[in-house]
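What follows is one structure encoded as structure tokens, with my remarks underneath.
The values are calculated or read from the model by the stated rules, or taken from the named source; none is laboratory data. Keep in mind it's a predicted model, so treat the numbers as computed, not measured. Heads up, the Cβs are rebuilt from the backbone with ideal geometry, glycines too, and the neighbour counts pull from every protein chain shown. Quick note on the areas: whole protein, heavy atoms, side chains included, nothing else; ligands and nucleic acids left out. Shrake-Rupley method; radii C 1.70, N 1.55, O 1.52, S 1.80 Å.
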Amino acid sequence: MKKISTNLMTGFEYEIPLDLNDRNDIDDFLEKNTGKKVIVVQGLGFVGAVMSIVCANALTEEYAVIGIDLPSPESYWKIRSINEGNFPVISSDLKVEEFFQNSINKNNFYATYDPYAYSKADFIIVDINLDVQKQSTELNELTSYNVDITNFKLALSSIGKNCKEDVCVLIETTVPPGTTKIAATILEDELALRGLLTNSFSLGHSYERVMPGPNYIDSIQNFYRVFSAIDKKSED
């Protein structure tokens with residue numbers, strides 16, 4: 001049965017391919033950006049998509065940026081839309097479209113669904129969604145909550161199955177305390193299964209401070225950041 005992903009902005013329907021091998025196009029993109037460090041942004045939602053174009057318009061260095069999301073009905077259309085030259089996020093910040101057009105002109109931003117992209121990354125930024133499930137009374141008084149990090153673990157596992165041993169991973173997803181330690185264990189385990197060094201990667205956390213609105217880009221690019229890391233090398 002064919003799976004369809006509908007563009008939420010235009011209503012256009014894309015058929016999700018059965019063959020999810022995108023290696024040739026990823027390699028072609030990187031060949032056109034030879035000499036640049038590679039940033040892969042995991043998650044092309046409201047945060048990850050804009051983070052991608054901010055990285056593609058970095059102030060001090062030119063990067064090749066690959067955004068990656070799942071080939072699912074909910075996400076596949078974003079990948080196709082980006083590669084067709086249409087940004088999948090509507091914003092009142094005019095810089096969003098400006099930065100996206102800059103990335104098109106520089107040809108330094110590509111979107112994919114293939115985890116192969118992680119194998120080419122010098123830096124990986126994790127911007128996947130993590131919701132808190134809340135239960136409240138009729139008066140909106142919180143009675144209980146739960147945070148399911150199952151999908152987060154799967155996302156980190158996908159990175160670990162493909163990444164280089166000296167990659168730098170930055171988690172921006174807002175996660176419960178201690179989750180970065182869980183992420184470190186997942187990466188170590190996956191690298192060990194591949195016979196790679198388990199103490200060469202860097203890992204840190206800097207929760208996203210996105211301010212949607214007319215200053216959306218500035219809230220990512222110019223605001224002060226809070227960050228932490230698992231060791232001094234990762235911190236640097």
From the set of residues in region 129-168 that are out of contact with any strand residue (DSSP E or B) (no Cβ under 9 Å at 6 or more places or on another chain) and of a type in the set (Val, Ile, Thr), which is surrounded by the most Cβ atoms within 10 Å (Cβ to Cβ)?
Ile149
Within region 169-210, can you find the residues that are under 15 Å from Asn129 (Cα atoms) and either open to solvent by 40 Å² or more (accessible area, probe 1.4 Å) or free of Cβ contacts under 8 Å to residues at least 12 places away in the same chain (or both)?
Leu170, Thr174, Pro176, Tyr207, Glu208, Arg209
In region 1-97, which helices (runs of 4 or more DSSP H) lie fully inside it and hold 2 or more residues that are hydrophobic (A, V, I, L, M, F, W, C) and without any contact (Cβ under 8 Å) to a residue 60 or more places away in the chain?
48-56, 76-83
Residue pairs qualifying under the 6 Å Cβ cut-off, at least six apart or on distinct chains, with the first in region 144-164 being closer than 16 Å to Gly43 by Cβ and the second being open to solvent by 10 Å² or more (accessible area, probe 1.4 Å) and at pLDDT below 95, are Phe152/Leu130; Ala155/Ile128
Would you be able to tell me the number of residues in region 38-60 that are surrounded by fewer than 17 Cβ atoms within 10 Å (Cβ to Cβ) and at pLDDT 95 or above?
1
Looking at region 218-235, which of the residues that are hydrophobic (A, V, I, L, M, F, W, C) and under 18 Å from the mean Cα position of the chain (by Cα) is most open to solvent (accessible area, probe 1.4 Å)?
Phe227
Considering only residues that are open to solvent by 10 Å² or more (accessible area, probe 1.4 Å) and among the aliphatic types (A, V, I, L, M), look in region 1-37 and name the one that is farthest from Trp77 (Cα to Cα).
Leu30
Restricting attention to region 61-77, and to residues there that are open to solvent by 40 Å² or more (accessible area, probe 1.4 Å) and charged (D, E, K, R), which single residue is nearest to Ile128 (Cα to Cα)?
Glu74
Candidate set from region 99-116 (those that are among the hydroxyl-bearing types (Ser, Thr, Tyr) and assigned to a helix (DSSP H, G or I)); member that is least open to solvent (accessible area, probe 1.4 Å):
Ser103
For strands (runs of 3 or more DSSP E) lying entirely in region 134-219, having 2 or more residues that are modelled with pLDDT of 95 or more picks out 168-171, 202-205
